[in-house]
1. List every residue pair whose Cβ atoms lie under 7 Å apart, where the two residues are 6 or more positions apart in sequence or sit on different chains, the first residue falls within the stretch 131-144 and is polar (S, T, N, Q), and the second residue, located anywhere, is surrounded by fewer than 21 Cβ atoms within 10 Å (Cβ to Cβ) and at pLDDT 85 or above.
2. Scan the stretch 46-83 for residues that are within 18 Å of Val149 (Cα to Cα), of a type outside the set (S, T, N, Q) and within 13 Å of the chain's Cα centre (by Cα) and report the count.
3. Out of (1) closer than 19 Å to Cys141 by Cα; (2) touching a residue at least 24 places away in the same chain (Cβ under 8 Å), the odd one out for Ala57 is which?
4. Tally time: how many residues in the stretch 73-132 are modelled with pLDDT of 80 or more, among the aromatic types (Phe, Trp, Tyr) and either farther than 22 Å from Ile157 by Cβ or surrounded by fewer than 15 Cβ atoms within 10 Å (Cβ to Cβ) (or both)?
5. Check whether at least one residue in the stretch 39-58 is loosely packed, with under 13 Cβ neighbours inside 10 Å and modelled with pLDDT of 95 or more, and report yes or no.
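The values are calculated or read from the model by the stated rules, or taken from the named source; none is laboratory data. Everything numeric here is computed off the predicted structure, so don't read it as measured data. Glycine also receives a Cβ, built like all others from the backbone with ideal geometry; neighbour counts cover every protein chain displayed.
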Amino acid sequence: MTRDRPRCPDGDPLRQAGRRLALAFEAFHETHYRKWLAYAYLHTGSEDAALEVTGSAYQRLRLCWPYALKQSSVDSYAWAVLKESVVDWLCRHRRATALTQSAAFAVVTRALLRECQQQFALLESQLGLYEAIARLPERQCDVIVLRHVIGYSDTQIAALLGVDEATVRSHASRGKRRIAAALGIAPGPQKGK
């Protein structure tokens with residue numbers, strides 16, 4: 001994916017281009033930072049690694065910011081940069097995504113803090129849920145994680161993935177059906193039926 005992109009110029013293009021571009025980049029950074037960090041954490045399983053990955057992604061994006069602004073969707077272009085940074089980190093560290101373990105850890109923490117017997121039954125089902133999510137095709141997994149784990153709206157997800165909202169809803173619906181099948185439960189009622 002990165003091979004298709006033009007080589008970024010040496011130096012800091014934001015300093016060279018002026019304050020307006022720098023402000024636009026900072027606004028973009030502020031808008032997406034927490035959710036990007038959450039996404040990176042879900043895949044790396046480490047706060048330090050998530051900081052490294054998002055820092056790398058933002059640095060790469062900063063170097064190509066003028067080019068990114070010329071794309072049909074800045075959000076989609078930037079999302080691809082983040083995903084590439086996650087994949088690069090996972091490859092360099094010879095790891096698979098930690099989605100199952102990261103999400104499971106959050107569930108375990110909540111369960112232990114509440115010290116509730118019923119929560120442990122829920123925990124077991126949620127562990128299976130996260131494993132089922134991790135096995136989804138890439139776009140379905142992204143939509144489910146972005147919508148239900150990180151909290152993006154369908155409009156935001158569509159912008160990030162460079163698709164329309166109907167496609168986001170389709171990926172979500174198909175993902176939910178696959179998850180339901182993997183967990184051996186009946187899917188919820190379909191809209192319009």
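1. Gln140/Arg174; Gln140/Arg178
2. Matching residues across the stretch 46-83 total 4.
3. Checking Ala57 against (1) closer than 19 Å to Cys141 by Cα; (2) touching a residue at least 24 places away in the same chain (Cβ under 8 Å), the one that fails is (1).
4. Selection size over the stretch 73-132: 1.
5. Yes, some residue in the stretch 39-58 is loosely packed, with under 13 Cβ neighbours inside 10 Å and modelled with pLDDT of 95 or more.
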